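Computed from the coordinates by the stated procedures, all read-outs in this text should not be read as laboratory data. Note that this is a predicted model, so its numbers are computed, not measured. So basically every Cβ, Gly included, is an ideal-geometry build from the backbone, and we count neighbours across all protein chains shown.
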Amino acid sequence: MFKKLYCFRLQSYKIIVKDECITEFFFVPLHPYYIICMKEFVISEVKAETAVLVGLITQQQDEAKTKEYLDELEFLADTAGAVTVKRFTQRVQGPSQVTYVGKGKLEEIRQYIKMQEEAADDDPTGETQPVGMVIFDDELSAKQIRNIEAELKVKILDRTSLILDIFAMRAQTAEAKTQVELAQYRYMLPRLQRLWTHLERQGGGSGSGGGKGSVGLRGPGETQLEMDRRIILHRITLLKQRLQEIDQQKTTQRKNRGRLIRVALVGYTNVGKSTMMNLLSKSEVFAENKLFATLDTTVRKMVIDNLPFLLADTVGFIRKLPTDLVDSFKSTLDEVREADLLVHVVDISHPDFEEQINVVEKTLSDLGCSDKPSMLVFNKIDAYTWTPQDEDDLTAPTRENISLEELKKTWMAKMQGDCLFISAREKQNIEELREVLYQKVRELHVQKYPYNDFLYTVEE
């Protein structure tokens with residue numbers, strides 16, 4: 001066996017260290033949390049970990065917005081299999097470059113973790129669980145993670161690593177797994193040094209002090225760190241090459257699809273794109289009330305009134321989407337770039353659906369797709385709720401006081417009637433959606449293929 005065995009958890013990796021050297025990277029999901037030892041078929045499953053969430057209230061992000069972000073972060077944690085037990089927020093000018101939150105707030109979090117650990121030890125039923133991780137709502141630097149871990153003595157994740165964990169769980173095809181692995185390595189590379197903090201004493205410590213360890217880590221740790229960095233850089237190069245090959249294959253496949261209009265379902269994550277895809281194409285794309293239930297792009301051929309076209313279900317967008325993730329999923333997002341028509345699906349029952357629309361539009365703009373023909377489809381009208389405002393209340397009505405009919409009128413006027421309101425789950429207004437989709441696809445088809453002899457419905 002190993003003389004020394006260190007196990008680190010970094011996003012979706014279990015990293016085995018033999019004699020201060022990384023020997024294996026195992027790609028495993030956050031929940032169930034598997035511990036894999038030496039590639040043997042020895043697997044132990046641990047209970048779902050409890051999580052604490054941390055967010056900041058700033059001038060750019062008020063308290064209400066921070067609550068919305070933490071609600072989404074909790075949904076992400078739940079999707080990954082973690083149970084949220086506590087939230088911490090702090091009002092600051094900006095995040096601390098050292099520990100993200102201030103020293104006082106960090107101490108408050110530490111005391112809570114200690115209290116939960118003591119409560120778990122004193123619970124004879126075993127139902128009380130100690131805090132397993134602290135999740136921060138923004139991306140943390142390697143320095144911040146290292147400093148926070150030193151204080152809290154628990155696993156530290158940020159929003160990016162949590163999203164990558166979920167993507168690792170959801171990836172099914174070779175393409176998706178390659179894309180996720182590339183994003184993981186890109187995230188890991190600048191944070192690699194934190195894995196070697198256990199060598200600081202051997203190397204004489206870190207920092208700017210004198211001696212053999214005066215700069216970072218010297219000796220074996222420094223050598224191994226550079227070796228691991230080269231290995232990861234080499235792996236990134238190989239993954240990029242593999243994705244280029246996949247991209248070329250998909251480009252060829254798209255060319256072989258014939259003279260068909262391409263329609264892509266786009267939108268925020270968990271707005272019901274896959275459910276709509278199943279309803280329209282009568283297929284069985286995986287759909288679940290979880291974030292990022294769909295990771296692999298699915299393309300189906302559809303025919304409405306003798307008019308064939310291609311319909312693609314794409315990965316959902318999200319706030320604070322990591323740049324590396326967008327870059328890694330280039331070949332998947334090419335389905336959006338190559339589309340002739342974008343169907344922007346919106347969850348109208350979400351209290352913050354307008355910001356979700358803005359997030360999707362900004363992401364589409366970053367992809368160079370903002371000028372494509374599009375249509376707005378508000379889904380989940382069956383789940384929309386509102387509370388009538390009291391007649392004596394003279395304050396301005398909020399989103400919670402606006403009825404669905406009022407909202408429809410507002411958006412119909414704003415979009416000049418170019419939007420639909422449906423329920424994919426309850427199959428409400430689906431025929432209207434099919435009719436509008438047919439008209440838009442037909443217009444594009446006539447423009448793009450004026451001499452094509454596809455059969456259309458005869459108009460009298």
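Of note:
- Full-extension gain in nm, A142 to T395, via 0.36 nm per residue minus C-alpha separation: 86.4 nm
- Phi angles of the range 360-374 translate, via the Karplus equation with coefficients 6.51, -1.76, 1.60 and θ = phi - 60°, into HN-Hα couplings of 5, 5, 5, 5, 5, 5, 5, 7, x, 10, 5, 8, 6, x, 8 Hz per residue; Gly and Pro are given as x.
- Taking label positions 7 Å along the Cα-Cβ direction at both V303 and S403, the computed distance is 4.4 nm, reported to one decimal.
- Cβ-Cβ FRET estimate between K414 and T223, R0 fixed at 45 Å, reported to 0.05: 0.15
- Flagged links, alpha-carbon separation over 29 Å, of K65/K301; K282/K380; K65/K240; K301/K408; K114/K320; K67/K105: K65/K301; K65/K240; K301/K408; K114/K320
- Simple spin-label estimate for S370 and K448 in nanometres, 7 Å along Cα-Cβ: 2.3 nm
- Compared with the alpha-carbon gap, the fully stretched path from D62 to K282 is longer by 74.9 nm at 0.36 nm per residue.
- Backbone N under 13 Å from the K320 label point (7 Å along Cα→Cβ), restricted to the range 139-175: 139-141, 157-164
- Neighbours of E361 by Cβ distance under 13 Å: Lys/Arg scored +1, Asp/Glu scored -1, total -1.
- Stretch gain in nm, segment K153-T387, where the contour uses 0.36 nm per residue and the Cα spacing is subtracted: 79.8 nm
- Of the beta bridges in the range 49-167, as assigned by DSSP with both residues counted there, near 5 percent are antiparallel.
- Amide H contacts of F317 (H built 1.01 Å from N, under 5 Å, at least 5 apart or other chain): G267, Y268, T269
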